[in-house]
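For reference, the structure is listed below as structure tokens.
The values are calculated or read from the model by the stated rules, or taken from the named source; none is laboratory data. Everything numeric here is computed off the predicted structure, so don't read it as measured data. In this analysis, Cβ positions are derived from the backbone assuming ideal geometry, glycine residues included, and neighbour counts consider all displayed protein chains.
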Amino acid sequence: MAVVQPVSVDEVVKVVKLAIDHGFKIVPVGSSTSLSGNATPKLENTVIVSLERMSSIIEVSDIDWYARVQPGIKVDELNLELMGYGLQWPVDPASSKSATVGGVISNGGGGMRGAKYGPASHWVLGLEAVIGTADIVRIGCRTVKCREGYNLVQLFIGSEGTLGVITEATLRLAPLPESFVGIMARFGNAESLVDAVIKVRRDRLWPMVTEFVDDKTAQLLNLEPRYYLWIGVDTYAGSEQGVLMKLSNAIVLNGGEIIGKALTWQDFSKLLEPRKMLYSAQLKAAFGDYGMDAFLLIEDIAVPMSKLPEAVRELQELSKKYGVKMMLGGHIGDGNLHPAIWARRSDKDEVERVMRFFLRTLVVSP
Ligand SMILES: Cc1cc2nc3c(=O)[nH]c(=O)nc-3n(C[C@H](O)[C@H](O)[C@H](O)COP(=O)(O)OP(=O)(O)OC[C@H]3O[C@@H](n4cnc5c(N)ncnc54)[C@H](O)[C@@H]3O)c2cc1C
């Protein structure tokens, strides 16, 4: 195995030509932060093409709301730069500090702002890539309306490096909100938590953040064992109190208890801290139980929001049925659940039960 770090599209072309001539495989990577197991190249006959050195912002248009960037730029670094223009690329997986734009696009990633903005597929206008023939292709446009035959940009999004090496992306941008309000609350069950979010939507608010964890997970996050909701809305200066009032009513009317309120994104980020710790808490729980003998699986399933309580119930019943430990949290806005289950690797019976649970979750789609 070898690693190359090209600095230009021409160097990527050279690597692909060498791969064709000498018959080796190439695997493009950004920061290799993926949780999906996709950046796992075989050792033999493989060259890793690391895009980390192709990390420039080529152009930002604060009129047309797009940015042309190289794939190796980190999501947080890009957004820091865009703040100066009053703009954002609103795709922010919890790994945004280290994840690259190329990696997020190739994973079809979403994130904490997904309730309003959805995943990467909504926020990429065009791509430049080097495909397996060593040709450079440019697909998509710089405009939201783009009619050029087959929608090849969408084919690339989520293709995990299998269609080519992305060497440039034209990203659609959104304005940064003028103001922001948010609440952290807890409920006795998943139904009333989801009902509160439905009420907020019926009140014609479009939350940017709607995150949750279940009671068992809450305990591992050092919270009282209840169902926790983080809900935040981007808004205009002057309207914060009105929005906060609507959020509070929706929570209280559905039996929720408000734990904290925030009138800025910075304050809300602090309230969000326990939710952001979900992944590390899952690791801590599994490795705390079994040390290096731990076998941890984290699922990534999506159901329509209205079916979320049913899905939570079914997952909890499955964990009892198979006798496996489970932590559950996710993004309510896009119906995305992340059940984490673990076993002792050397315990064949426990591993089998975890695998049976895992395979059953593939059909949890009420
Ligand atoms: C703690 C944590 C939290 C996360 N939270 C979320 C979340 O909330 N929502 C979500 O959707 N995801 C989440 N993820 C997954 C997230 O999508 C990935 O971490 C991230 O997108 C990968 O970026 P990367 O630069 O590390 O890519 P890598 O891991 O290096 O690569 C990912 C895939 O993209 C391919 N690839 C990378 N760069 C290119 C390129 N230039 N051209 C072609 N193919 C390329 C690779 O071959 C690989 O298949 C999380 C991950 C972690 C570790």
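Quick rundown of the values:
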| quantity | calculated |
| --- | --- |
| Checking L82 against (1) under 17 Å from the mean Cα position of the chain (by Cα); (2) touching a residue at least 60 places away in the same chain (Cβ under 8 Å); (3) part of a helix (DSSP H, G or I), the condition it does not meet | (1) |
| Among the candidates G109, G103, G126, residue that is farther than 19 Å from H338 by Cα, within 6 Å of the ligand (Cβ to nearest atom) and either of a type outside the set (A, V, I, L, M, F, W, C) or assigned to a loop (DSSP other than H, G, I, E, B) (or both) | G103 |
| Residues within the range 310-366 that are of a type in the set (F, W, Y) and part of a loop (DSSP other than H, G, I, E, B), tallied | 1 |
| L229 being touching a residue at least 60 places away in the same chain (Cβ under 8 Å) and outside the structural domain of P90 (by TED's automatic domain parsing) | yes |
| Residue check, I73 crowded, with 22+ Cβ neighbours inside 10 Å and either within 20 Å of the chain's Cα centre (by Cα) or more than 10 Å from the ligand (Cβ to nearest atom) (or both) | yes |
| Where a residue in the range 182-193 is over 19 Å from G260 (Cβ atoms) and touching a residue at least 60 places away in the same chain (Cβ under 8 Å) and its partner, wherever it lies, is of a type in the set (D, E) and outside any strand (DSSP E or B), with Cβ under 8 Å and at least six apart | A190/D214 |
| In the range 136-175, the residues that are in a loop (DSSP other than H, G, I, E, B) and in contact (Cβ under 8 Å) with a residue 24 or more places away in the chain | C141, R142, T143, V144, I157, G158, S159, E160, G161, L163, G164, L173 |
| Residue within the range 121-129 that is over 21 Å from the mean Cα position of the chain (by Cα) and touching a residue at least 24 places away in the same chain (Cβ under 8 Å) present | yes |
| Contacts under 7 angstrom Cβ, first residue in the range 28-41 being at positive phi and not assigned by TED's automatic domain parsing to the domain that holds L297, partner in a loop (DSSP other than H, G, I, E, B) and within 6 Å of the ligand (Cβ to nearest atom), 6 or more apart | S32/A39 |
| Out of S61, S36, sole residue that is near the ligand (Cβ under 10 Å from one of its atoms) and of a type in the set (S, T, N, Q) | S36 |
| Qualifying positions in the range 99-133 - more than 25 Å from I231 (Cα to Cα), of a type in the set (S, T, Y) and surrounded by fewer than 22 Cβ atoms within 10 Å (Cβ to Cβ) | T133 |
